[in-house]
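Have a look at the structure below, then the notes.
FYI, it's all coordinate maths here, none of it is from the lab. Just so you know, these numbers come straight off a predicted model, no measurement behind them. Backbone-built Cβ (ideal geometry, glycine too); neighbour counts: all protein chains shown.
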Amino acid sequence: MSEQQPNPNPYASDPGQGDEYKWGPGTPSYGYPQPYPQPPAYQPTIGGAGIPAQMPLAAPMGYPAAGLSLGDITIAGDQIITPSGTMPLRGAVWNATDFSRTEEKIPAHAIVLAVIFFLFCLLGLFFLLMKERRTTGYIQITVNSGGRHHSTMIPAVDPGTYMWVMSQINQARALSM
């Protein structure tokens, strides 16, 4: 019986080169993305109980004050700060997409009152004119700058939320020029 030898690497230029291959990318070269420096820890604050909705624009020495905040995206000085890292403000592309909807329906108590008052005085049909509007969903904000992309969602609380977000986006677009 003969001993089996391992199959030599047919792609190696000489027999000793086949064993030195390591899987994965090599050293970064032209066109290969360079690693970004890690941003400082960042946690956005949301106005609520005990926290004022408008915080004063004051920052420690050496750090620019926050000028605009949309969800977890903050514009501070000449950069955009997101949880995934910082991006340059100049040349940023801002987009907003409305994923909210407003539903209008007749509430159950209006139907009950319409039936009761229809039997007694024939004016109960006016209760069917009562409408209840409810807005649900989110508004997605995306920013692209410096080869990076970040997206955030703002909850829609009323039909005017999209117009408010668009005014903030237009202000951010003006700052990005």
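Observations on the structure shown:
- Here the label points at PHE120 and ASN170, each 7 Å from Cα along the C-beta direction, are separated by 5.1 nm in the simple model.
- The range 68-149 - convex hull of alpha carbons, volume per residue in Å³: 105 Å³
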